[in-house]
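We did not get these values from a lab; they are worked out from the coordinates using the rules stated. Remember, it's a predicted structure, so these values are computed and weren't measured experimentally. Every residue, glycine among them, receives a Cβ derived from its backbone with ideal geometry; neighbour counts consider all protein chains shown.
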Amino acid sequence: MIIINDRSLLYFSTFSRALATGMMGVLLGIYLARVGLDLAGIGLVISAGLLGSAAATLIVTLFGDRWGRRRVLLLLTLLSIVGGVMATWFSELLLLSVAAFLGMLNGMGRDRGASMVLEQAILPITVTDRERTQVFAWYNLLQDVGHALGGLLAGIPTLLRLLGVEEEISFRFTMLLYASLYLPVFLAYLRLSAITEAKSAPKRLILSPSSRVILTKISALFAVDSLAGGFVGTALMAFYFYSRFGVNEAVLGILFLGARLANALSHLGAAWLAKRIGLVNTMVFTHIPSSLLLMTVTIAPNFGIAALLFILREGLVEMDVPTRQSYVMAVVRPEERTFASGVTHLVRMSGWAIAPSIAGWLMQTVTPALPLVIGATLKIGYDILLYSAFKAIKPPEEK
């Protein structure tokens with residue numbers, strides 16, 4: 001009964017956190033533009049937030065099990081609240097960058113932060129090997145439903161302006177709402193039981209030779225994929241639609257609502273498909289078509305067609321997420337899961353942190369579409385290399 005309760009609390013926490021992340025992904029670039037930052041400054045603040053997430057992920061990876069998983073999850077949540085409140089009050093580039101770093105503000109629009117490292121290490125404790133991918137699918141489904149509803153919340157500034165609220169105040173109020181969405185997450189973590197803690201937390205983790213080889217290869221590949229993802233994060237995609245087609249944040253909120261719902265439904269499809277063709281095959285053969293669809297967004301003649309192509313892309317691009325998470329947790333030893341989750345998240349966060357500032361510069365100096373093409377091309381290369389390296393390494397349920 002305790003295990004079921006812990007799993008439910010993790011489901012709730014990821015959903016609530018995703019509400020905040022989904023809203024921030026749509027609004028962050030526009031909010032920063034409204035308070036006076038140029039494209040280069042917007043890219044720097046987004047990168048600062050992702051670097052903060054990467055730093056937190058590194059700390060969690062090295063010390064999360066020793067310090068206590070629940071204690072660390074609570075601390076991360078408090079920092080998110082503080083960073084959100086700081087971003088509400090400041091308009092200067094330096095102070096906004098500090099707020100983004102400290103609060104791990106996520107302009108990607110998808111929750112891939114340090115808290116997920118510990119949550120993903122805990123989830124396999126609650127299930128058998130055969131159920132593991134399904135549980136990760138539901139975990140990610142709830143996350144993307146939260147992202148979808150969070151994207152819808154991005155229309156709040158427009159609604160407030162219709163009610164007579166000044167534009168700047170409407171945006172700052174919404175930023176304050178973002179911070180408040182972390183309060184129920186904090187309460188959920190307070191209720192986690194002792195079973196969620198690591199059974200043993202040695203001062204120095206020694207990876208098995210097989211795990212070391214797997215983590216080295218897969219982390220290098222994830223670094224490529226994350227760099228590609230940084231070129232097409234939600235904040236930059238939202239700004240692309242905003243600058244090219246002139247749509248406002250309310251329309252973007254509806255667009256990303258549809259995108260996140262497509263993501264959510266795809267997770268269950270990924271779990272179903274993985275049982276039939278395997279985790280690695282599911283990761284690769286759904287990801288390549290999504291990248292090709294992303295390229296077509298850049299040549300769409302109007303917003304309607306671009307939006308449709310984007311939604312179709314979102315229905316495929318996330319199918320590798322629960323399968324990837326399940327695969328990594330399956331091919332390492334149980335005592336290595338926090339470290340493995342942390343390392344793979346860290347390389348992904350590092351790539352996401354590097355790319356937005358480059359993408360912002362490319363959007364400003366070349367063309368807004370160029371980062372999308374670069375991101376899609378890198379992702380296709382990643383998929384080909386992933387299949388070549390891991391098609392023969394099977395998780396326990398596929399042996």
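If you put +1 on each Lys and Arg Cβ and -1 on each Asp and Glu Cβ, how big is the dipole of segment 27-117 around its Cα centre, in Debye rounded to 20?
Here segment 27-117 has a charge dipole of around 380 debye.
Counting neighbouring Cβ atoms within 10 Å and putting the fewest first, the residues ASP129, ASP320, ASP225 line up as ASP129, ASP225, ASP320.
Once the Cα atoms are used to define both axes, helix 209-230 deviates from the longest principal axis of the chain by about 10 degrees.
Taking 0.36 nm per residue of separation and subtracting the current Cα-Cα distance, fully stretching the chain between LEU94 and SER243 would add 51.2 nm.
For the pair LEU187 and LEU292 in one chain, pulling the backbone fully straight at 0.36 nm per residue adds 33.6 nm over the alpha carbon distance. What FRET efficiency comes out for ILE206 versus ALA33 if R0 is 41 angstrom and r is the Cβ-Cβ distance? Round to the nearest 0.05. According to the calculation, E is roughly 0.25. Packing, taken as the mean count of other beta carbons within 10 Å per residue, orders the peptides 137-146, 263-272 from highest to lowest as 137-146, 263-272.
Across the chain, C-alpha contacts under 8 Å between residues 6 or more apart give a mean separation that, scaled by the residue count, equals a relative contact order of 29 percent. At full extension, LEU265 and ASN281 could sit 3.9 nm farther apart than now, given 0.36 nm per residue minus the alpha carbon distance. To the nearest ten degrees, helix 93-103 and the longest principal axis of the Cα atoms of the chain are 30 degrees apart. A Cβ-based charge dipole, computed about the Cα centre of the chain with Lys and Arg at +1 and Asp and Glu at -1, lands at about 1060 debye. Among the lysines of the chain, pairs that are 8 or more positions apart or on different chains and have alpha carbons within less than 19 Å of each other number 8.
Based only on other Cβ atoms within 10 Å, what is the fewest-to-most ordering of ARG7, ARG132? Intermediate results must be reported in sequence, preceding the final value.
On the way: ARG7 19, ARG132 23.
Arranged by neighbour count, lowest to highest, ARG7, ARG132 become ARG7, ARG132.
Take the Cα of LEU385, step 7 Å toward its Cβ, do the same at TRP361, and the gap between the two points is 2.2 nm. Of the residues ALA188, MET319, VAL213, the one whose Cα sits farthest toward the positive end of the charge dipole of the chain, with +1 on the Cβ of Lys and Arg and -1 on the Cβ of Asp and Glu, is VAL213. Looking at ILE59, LEU94, GLY164, which one has the Cα that reaches farthest to the positive end of the dipole of segment 35-169 (charges on Cβ: Lys, Arg +1; Asp, Glu -1)? Selected residue: ILE59. Relative to the longest principal axis of the Cα atoms of the chain, the long axis of helix 279-297 makes an angle of roughly 10 degrees.
If I take R0 = 51 Å and measure r between the Cβ atoms of THR216 and ARG161 in this structure, what FRET efficiency does the formula 1/(1 + (r/R0)^6) give, to the nearest 0.05?
Using R0 = 51 Å, I get an efficiency of 0.50.
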